[in-house]
1. Can you give the relative contact order of the stretch 12-220 as a percent, counting alpha carbon pairs under 8 Å and 6+ residues apart?
2. Of the listed peptides 160-170, 27-37, 55-65, what is their order by residue-averaged count of other C-beta atoms within 10 Å, with the highest listed first?
3. Holding the Cα-Cα limit at 19 Å, pick out from 78/200; 40/78; 78/163; 40/121 the pairs that are longer than that.
Amino acid sequence: MNLIKSSSPGYKNGNFNPKKMQIKSAEFVVSNTDVDKCPKDRLPEYAFIGRSNVGKSSLINMLMQRKHLAKTSGRPGKTQLINHFIINKNWYLVDLPGYGYARVSKSNKKVFQKFITQYFKNRQQLVLAFVLIDSRLEPQIIDLEFMEWLSENQIPFSIIFTKSDKLKPNALKRNIEAYSIKMLESWEEMPHYFISSSSKGTGRDGLLNYIADVNLQVNDL
Ligand SMILES: Nc1nc2c(ncn2[C@@H]2O[C@H](COP(=O)(O)OP(=O)(O)OP(=O)(O)O)[C@@H](O)[C@H]2O)c(=O)[nH]1
Ligand SMILES: [Mg+2]
């Protein structure tokens, strides 16, 4: 497969809102399994997706500086629903269940429970998915397949390498290089990526500024 499409067209590189986004409010709105029951307003939203236990819910809490906004657990499979959080009353963060925990079929379309697939395919307000990848691991087929699936479905995404506090800077660099080499076997370019640590706060400013910048570009959803 030749994946030549840019992962996050129009949102790439620089041009960030110079003013750091301030988080004034972050509130849980609704949990469900039905994309038709997700909030109806037309605010832009950003979904966090990745393998179970990769740190999606923890990252949401870190970004919002709220310890218990999203539920986290050391055991995989904690988040089971589509969870909407409204931020600053004008955009949504969405915490999703992880993949790769239950035994799954090789076909990446069967990797997800149906409602997750429906969410990604039908949610018009979704402007960007953040695909979280454990920075300690070598490239995992399930993550690579998922990103291919996003691309096939024309869903823009960026990567976040999580848990960067768990390895030394050189090892982190090596792992990201290995990831890049692997992805460039089938992608024209390495997707835009971030490095995060929820325990240390790494990546917070970069991610929030990025979202602020994209929000400015998608005012008329
Ligand atoms: N050291 C470290 N631990 C982390 C980090 N992010 C998450 N964790 C830990 O990893 C575990 C899983 O975190 P969650 O945020 O619940 O992961 P999740 O991706 O939401 O998991 P599911 O909801 O089960 O799919 C918890 O024990 C977290 O404390 C990080 O950046 N650094
Ligand atoms: Mg979770």
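1. RCO, the stretch 12-220: 26 percent.
2. 55-65, 160-170, 27-37
3. Listed pairs above 19 Å: 78/200; 40/78.
Where a number appears in this text, it was derived from the coordinates with a stated rule and is not lab data. A quick note: this is a predicted structure, and the numbers were derived from the prediction, not measured. Don't worry about glycine lacking a Cβ; one is built from the backbone with ideal geometry, like all the others, and counts go over all protein chains shown.
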